[in-house]
Amino acid sequence: MSGPESVLVVGTGLVGTSVALALREHGVTVYLTDRDPAALRLARELGAGVEWSPGRPADLDPDVEWHPGRPVDLAVIAVPPHLVAGQLAELQRAGAARFYTDVASVKALPIRGARELGCDLSSYAAGHPLAGRERSGPAAARADLFLGRPWALCPVEETSPDALEMLCGLIKLCGGEAVEVDAAQHDRAVALVSHAPHVASAAVAARLADAPATALGLAGQGVRDVTRIAASDPGLWTGILSGNALPVADVLEAVAADLAAAAASLRACAARDGADEAAAAEAMGTVTDLLHRGVAGTGRIPGKHGGPARTYATVQVIIGDRPGELARLFQVAEASGVNIEDVRLEHAPGLPLGAADLFVQPEAAAALSEALRAHGWHLP
């Protein structure tokens with residue numbers, strides 16, 4: 001069995017619309033439905049598919065064969081976690097598809113709900129693409145959102161091999177990397193690497209809500225990096241966190257214990273103001289240990305394409321805030337045969353320029369630096 005030739009996407013938010021756009025690039029016939037008419041209309045206008053209808057949709061390509069009442073190959077349920085089971089039951093009663101999957105960011109809750117509602121679990125393969133953005137809605141959707149990203153598939157004992165194969169076909173068409181994992185293990189994992197970090201980011205960002213203008217004026221790239229994901233839709237994240245409450249609480253309690261210990265260490269250090277250097281270092285021991293563990297943990301995050309983490313050299317370039325500057329920068333890198341592994345921009349407050357940090361293989365840093373200087377770029 002190959003990938004699906006016809007798909008119904010239920011829910012035209014960021015992930016649902018991105019799935020639809022990715023499938024359309026491969027010629028898959030995609031139908032869309034959403035309780036929000038505005039979101040559905042925008043997804044259609046973006047070319048994600050046509051509206052699901054029991055009759056022939058008016059905007060369906062005339063060359064596409066239409067069979068009224070015929071189920072699609074796969075229904076992708078892209079709704080909040082607590083709504084997945086009910087939506088699955090409704091679709092199965094209507095005979096909408098041969099197979100079903102979902103993209104919810106928690107897995108135990110939808111599976112448990114599907115069992116309680118008596119859903120046919122043989123045709124259902126639960127899934128979760130580990131990809132997203134801080135923006136939401138169909139306007140933020142991208143066909144390449146899933147390229148190279150892990151896509152968890154969490155079959156249960158009843159899941160048929162054909163349902164699992166259909167989900168794998170969908171993942172391949174979207175450019176994701178299938179990772180089979182138990183639902184409970186999945187939920188503990190995403191609590192650690194996604195859900196709890198989001199709450200931690202929000203906690204730091206919340207300190208800025210009433211921060212004085214002086215502090216905000218001194219904000220640099222560090223606070224932007226830490227708080228970037230905190231800008232996501234609170235309503236969406238409330239549903240995600242409530243669906244994975246206990247695993248997230250466990251991680252947050254561990255993080256809170258580390259932070260409390262660090263705060264106590266800092267207070268002890270402050271109390272020893274004027275003491276000798278050895279006494280101050282002893283008081284800071286807990287903080288120093290936490291910083292070292294942070295470096296070790298960061299080093300374990302997989303690098304590009306899921307491989308081992310790599311340490312890149314950074315080439316910093318002063319860049320003007322003008323159209324085409326990044327393109328010129330990348331042209332020099334291309335001409336010198338250097339691959340830019342990653343890039344980060346930091347703007348200078350009040351000035352029409354900033355710094356571009358180019359991350360490259362260590363052995364390529366000297367060649368890139370020389371080429372940039374030769375083309376008139378200023379390197380600090």
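The values are calculated or read from the model by the stated rules, or taken from the named source; none is laboratory data. Bear in mind that the values here come from a model prediction, so they are computed numbers and not experimental data. Heads up, the Cβs are rebuilt from the backbone with ideal geometry, glycines too, and the neighbour counts pull from every protein chain shown.
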Residues of segment 30-54 being assigned to a helix (DSSP H, G or I), touching a strand residue (DSSP E or B) at 6+ places or on another chain (Cβ under 9 Å) and hydrophobic (A, V, I, L, M, F, W, C), in sequence order, are Leu40, Ala43
Name every residue in segment 89-108 that is out of contact with any strand residue (DSSP E or B) (no Cβ under 6 Å at 6 or more places or on another chain), assigned to a helix (DSSP H, G or I) and farther than 24 Å from Glu177 by Cβ, in order of residue number.
Ala89, Glu90, Gln92, Arg93, Ala94
For segment 344-360, give me each residue that is surrounded by 15 or more Cβ atoms within 10 Å (Cβ to Cβ) and either polar (S, T, N, Q) or under 11 Å from Val315 (Cα atoms) (or both).
Ala355, Ala356, Asp357, Leu358, Phe359, Val360
When restricted to Ala219, Ala270, Ala256, the only residue assigned to a helix (DSSP H, G or I), at pLDDT below 90 and out of contact with any Cys (no Cβ under 9 Å at 6 or more places or on another chain) is Ala270
Return the residues of segment 170-212 that are in contact with a Ser or Thr (Cβ under 8 Å, 6 or more places away or on another chain), under 15 Å from Ala131 (Cα atoms) and either part of a loop (DSSP other than H, G, I, E, B) or not hydrophobic (A, V, I, L, M, F, W, C) (or both); say none if nothing qualifies.
Ser194, His195, His198
Members of segment 155-179 that are within 18 Å of the chain's Cα centre (by Cα) and within 19 Å of Asn244 (Cβ to Cβ):
Val179
Just to be sure, is Thr286 at pLDDT below 95 and surrounded by fewer than 13 Cβ atoms within 10 Å (Cβ to Cβ)?
no
Cβ-Cβ under 8 Å, sequence separation 6+ or interchain: first residue in segment 275-294 and assigned by TED's automatic domain parsing to the domain that holds Ala254, partner of a type in the set (Asp, Glu) and assigned to a helix (DSSP H, G or I). Which pairs?
Leu290/Asp258
Scanning segment 114-164 for residues that are assigned to a loop (DSSP other than H, G, I, E, B), aliphatic (A, V, I, L, M) and farther than 19 Å from Gln92 by Cβ gives Leu130, Ala131, Ala141, Ala143, Leu145, Leu147
Checked segment 1-18 for anything closer than 15 Å to Ala140 by Cβ and touching a helix residue (DSSP H, G or I) at 6+ places or on another chain (Cβ under 6 Å); matches are Thr12, Leu14, Thr17
Residues located in segment 337-380, provided they are aliphatic (A, V, I, L, M), under 25 Å from Arg224 (Cα atoms) and either out of contact with any strand residue (DSSP E or B) (no Cβ under 7 Å at 6 or more places or on another chain) or not in a strand (DSSP E or B) (or both):
Ile340, Ala348, Leu351, Leu379
